[in-house]
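Undergrad: If you scroll down you'll find the structure; I have some questions about it.
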Amino acid sequence: MPKGIIGKKIGMTRVFVNGKAVPVTVIQAGPCYVVGVRTEEKDGYEAVQLGFGEKKEKNTPKPMLSIFKKIGIKPVKIIREFKLKEGETLEPGQEVKVEQVFEKGDLVDVTGKSKGRGFTSVMKRWDFAGFPKSHGHRYHRAVGSIGCRTEPGRVWKTKRMAGHYGNETITVLGLEVVDIIPEKNVILVKGSVPGSVNSVLTLRSSVIADRRKGKLKLQKSKAMYV
Amino acid sequence: MHQLIREIEQKYIPQDIPEFRPGDTVRLHLKVKEGEKERTQIFEGLVIRVKGSGLGKTFTVRKVSYGVGMERIFPIACPSIQKIEVVKRGVVRRAKLYYVRNLKGKAAKIRELKEWEIKKRAAESKAATENKNNGQS
């Protein structure tokens with residue numbers, strides 16, 4: 001089985017587990033289909049391509065359509081690549097469900113595209129404190145000083161200023177899997193995830209699970225949710 | 001809210017909660033932890049507000065103890081509630097009974113439903129839930 005799955009953000013709610021209220025994001029993950037397989041001898045690495053979502057046949061490019069026809073699945077909207085769990089192989093056309101990939105108490109990294117906020121000033125974008133609202137001030141939410149004088153005579157690179165904010169790919173690390181509901185292809189993940197409702201998310205088994213703090217977190221989360 | 005979230009919440013809502021409304025008097029059996037020990041505490045009072053839906057539904061219970069008004073807000077699926085008993089069913093004409101806070105003694109009393117009224121109300125709520133279920137399917 002792959003080490004991750006593609007899903008759709010449905011929204012947030014709270015559930016009660018072991019006497020505690022837990023905030024969760026509801027994600028409809030899968031069912032995904034194996035579209036392609038990457039092998040060591042052919043491509044130099046082991047991975048699997050998963051497809052998710054539905055797409056109309058008339059909107060699918062013909063070369064893609066022939067790939068889908070060959071492996072016998074309906075055209076999919078999104079294709080992403082995942083590493084495989086050790087010692088496992090998959091065939092093209094095979095179905096991948098969320099309960100085969102994750103179990104309760106696992107840690108997952110969720111990647112999504114954050115909400116676009118357009119051209120945003122520094123108070124929202126970089127958490128600047130701004131200036132007083134009253135007491136004779138006529139300068140409220142603007143940037144303030146952005147540098148010195150003759151020395152250095154320019155603005156430093158990476159100076160935090162106003163600009164385009166949001167609509168970027170963001171990954172949150174180490175979210176706990178609170179519950180999995182196989183019959184609805186739903187996974188409940190603790191906390192919030194990037195992006196708006198109905199946006200596409202990639203869930204991968206967490207990279208922090210091997211770190212010292214991640215191991216502690218994994219232990220705690222297994223004790224809580226299993 | 002998404003239909004899917006509503007369905008998922010159903011799994012977490014306890015099924016044995018009796019139906020009650022603002023104006024009813026309820027008796028709550030609450031789990032209280034004191035150090036290592038756990039015991040049951042009883043909190044009885046008037047339901048003055050029910051708000052929200054699904055798992056986010058909460059209700060406020062008001063009781064007057066030694067002359068001091070006391071209100072507690074509980075989530076409908078609160079894990080520390082062991083049991084809810086409906087003691088009295090009252091007649092009120094409002095959904096939120098905040099006016100009770102300003103009343104004392106006899107004025108704060110709420111008329112109880114008569115036997116036939118309780119039956120009528122139960123039939124009405126049953127019909128309402130059936131309608132809702134039919135609408136969903």
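Undergrad: Return only the number of the condition from (1) surrounded by fewer than 16 Cβ atoms within 10 Å (Cβ to Cβ); (2) under 16 Å from the mean Cα position of the chain (by Cα); (3) in a helix (DSSP H, G or I) that residue B:55 does not satisfy.
TA: (1)
Undergrad: Mind telling me which of the residues A:57, A:46 ends up being of a type in the set (D, E, K, R) and surrounded by 13 or more Cβ atoms within 10 Å (Cβ to Cβ)?
TA: Numbers: A:57 fails: surrounded by 13 or more Cβ atoms within 10 Å (Cβ to Cβ).
Just one listed residue meets the conditions, A:46.
Undergrad: In addition: Counting only residues that are under 23 Å from residue B:43 (Cβ atoms), more than 14 Å from chain A (Cβ to nearest Cβ) and free of Cβ contacts under 8 Å to residues at least 24 places away in the same chain, how many does region B:72-105 have?
TA: Residues flagged as under 23 Å from residue B:43 (Cβ atoms), more than 14 Å from chain A (Cβ to nearest Cβ) and free of Cβ contacts under 8 Å to residues at least 24 places away in the same chain within region B:72-105 amount to 5.
Results for (1) touching a Pro at 6+ places or on another chain (Cβ under 7 Å); (2) in the same structural domain as residue A:207 (by TED's automatic domain parsing); (3) of a type outside the set (Val, Ile, Thr), shown as yes or no for each residue.
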residue: A:133; (1), (2), (3): no, no, yes
residue: A:139; (1), (2), (3): no, no, yes
residue: A:143; (1), (2), (3): no, no, no
residue: A:150; (1), (2), (3): no, no, no
residue: A:155; (1), (2), (3): no, no, no
residue: A:177; (1), (2), (3): no, yes, no
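Undergrad: Also: Six or more apart or on different chains, Cβ under 9 Å: which pairs go from a residue in region A:159-177 that's polar (S, T, N, Q) to one that's surrounded by fewer than 16 Cβ atoms within 10 Å (Cβ to Cβ) and in a loop (DSSP other than H, G, I, E, B)? Could you list them?
TA: Filtered contacts from region A:159-177: A:167/A:115; A:167/A:116; A:167/A:117.
Undergrad: Which condition number does residue B:58 fail, the rest of (1) over 20 Å from residue B:100 (Cα atoms); (2) within 14 Å of chain A (Cβ to nearest Cβ) being met?
TA: So the condition that residue B:58 fails would be (1).
Undergrad: Suppose we filter region B:17-44 for residues that are exposed (fewer than 15 other Cβ atoms within 10 Å of the Cβ), touching a residue at least 40 places away in the same chain (Cβ under 8 Å) and in a loop (DSSP other than H, G, I, E, B); how many remain?
TA: Final tally of qualifying residues: 3.
Undergrad: Name the single residue that is surrounded by the fewest Cβ atoms within 10 Å (Cβ to Cβ) among those in region A:66-125 being among the β-branched types (Val, Ile, Thr) and within 22 Å of residue A:191 (Cβ to Cβ). Outline the logic, then answer.
TA: Just the residues of region A:66-125 that are among the β-branched types (Val, Ile, Thr), to begin with: A:67, A:71, A:73, A:76, A:78-79, A:89, A:96, A:98, A:101, A:108, A:110-111, A:120, A:122.
Right, trim to within 22 Å of residue A:191 (Cβ to Cβ) and you get A:98, A:101, A:108, A:110-111.
Details: A:98: 24, A:101: 25, A:108: 28, A:110: 26, A:111: 19.
Looking at residues that are among the β-branched types (Val, Ile, Thr) and within 22 Å of residue A:191 (Cβ to Cβ), I get A:111.
Undergrad: Condition check: closer than 30 Å to residue B:33 by Cα, under 13 Å from the mean Cα position of the chain (by Cα) and surrounded by 13 or more Cβ atoms within 10 Å (Cβ to Cβ). Does residue B:89 satisfy that? Reasoning before the result, please.
TA: Numbers: closer than 30 Å to residue B:33 by Cα: no; under 13 Å from the mean Cα position of the chain (by Cα): yes; surrounded by 13 or more Cβ atoms within 10 Å (Cβ to Cβ): yes.
The answer is no for residue B:89.
Undergrad: Inspect region B:70-84 for any residue being out of contact with any Phe, Trp or Tyr (no Cβ under 8 Å at 6 or more places or on another chain) and over 30 Å from residue A:20 (Cβ atoms) and give the result as yes or no.
TA: No, every residue in region B:70-84 fails to be out of contact with any Phe, Trp or Tyr (no Cβ under 8 Å at 6 or more places or on another chain) and over 30 Å from residue A:20 (Cβ atoms).
Undergrad: Further, regarding this structure: Please go through region A:7-39 and give me each residue that is farther than 25 Å from residue A:223 by Cα, in contact (Cβ under 8 Å) with a residue 12 or more places away in the chain and more than 7 Å from every other protein chain (Cβ to nearest Cβ), ordered by number. Give the derivation first.
TA: Start the filter on region A:7-39 by keeping residues that are farther than 25 Å from residue A:223 by Cα, which leaves A:7-11, A:30-39.
Within this subset, residues satisfying the condition of being in contact (Cβ under 8 Å) with a residue 12 or more places away in the chain are A:7-11, A:30-38.
Result: A:7, A:8, A:9, A:30, A:31, A:32, A:33, A:34, A:35, A:36, A:37, A:38.
Undergrad: Out of region B:88-98, which residues are modelled with pLDDT of 90 or more and hydrophobic (A, V, I, L, M, F, W, C)?
TA: B:95, B:97 - these are the residues of region B:88-98 that are modelled with pLDDT of 90 or more and hydrophobic (A, V, I, L, M, F, W, C).
Undergrad: Restricted to region B:95-137, and to residues that are small (Gly, Ala, Ser), in a helix (DSSP H, G or I) and under 21 Å from the mean Cα position of the chain (by Cα), which residue is surrounded by the most Cβ atoms within 10 Å (Cβ to Cβ)? Write out each step before concluding.
TA: Start the filter on region B:95-137 by keeping residues that are small (Gly, Ala, Ser), which leaves B:95, B:105, B:107-108, B:122-123, B:125, B:127-128, B:135, B:137.
Filter again for in a helix (DSSP H, G or I), leaving B:105, B:107-108, B:122-123, B:125, B:127-128, B:135.
Restricting the remaining residues to those that are under 21 Å from the mean Cα position of the chain (by Cα) gives B:108, B:122-123, B:125, B:127-128.
Values: B:108: 16, B:122: 12, B:123: 10, B:125: 12, B:127: 10, B:128: 10.
Per the criteria, the residue is B:108.
Undergrad: Say whether the condition of being more than 14 Å from chain A (Cβ to nearest Cβ) and surrounded by 14 or more Cβ atoms within 10 Å (Cβ to Cβ) is met by at least one residue in region B:2-15.
TA: Looking for residues that are more than 14 Å from chain A (Cβ to nearest Cβ) and surrounded by 14 or more Cβ atoms within 10 Å (Cβ to Cβ), one finds none in region B:2-15, hence no.
Undergrad: Restricting the search to region A:178-200, which residues are more than 14 Å from chain B (Cβ to nearest Cβ) and closer than 28 Å to residue A:219 by Cβ? First the steps, then the outcome.
TA: Initial filter on region A:178-200 (more than 14 Å from chain B (Cβ to nearest Cβ)): A:190-195, A:200.
Scanning region A:178-200 gives A:190, A:191, A:192, A:193, A:194.
Undergrad: Another question about this same structure. Which members of region A:22-41 meet the condition of being modelled with pLDDT of 90 or more and over 16 Å from residue A:80 (Cβ atoms)?
TA: Once the filter is applied, which keeps residues that are modelled with pLDDT of 90 or more and over 16 Å from residue A:80 (Cβ atoms), region A:22-41 yields A:22, A:23, A:24, A:25, A:26.
Undergrad: Would you mind stating whether residue A:44 is over 24 Å from the mean Cα position of the chain (by Cα) and more than 14 Å from chain B (Cβ to nearest Cβ)? Walk me through it before giving the result.
TA: Numbers: over 24 Å from the mean Cα position of the chain (by Cα): yes; more than 14 Å from chain B (Cβ to nearest Cβ): yes.
So residue A:44 fits the description; yes.
The values are calculated or read from the model by the stated rules, or taken from the named source; none is laboratory data. Quick caveat: nothing in here was measured; it's all calculated off a predicted structure. Cβ: placed from backbone, ideal geometry, glycine included. Neighbour counts: every protein chain shown.
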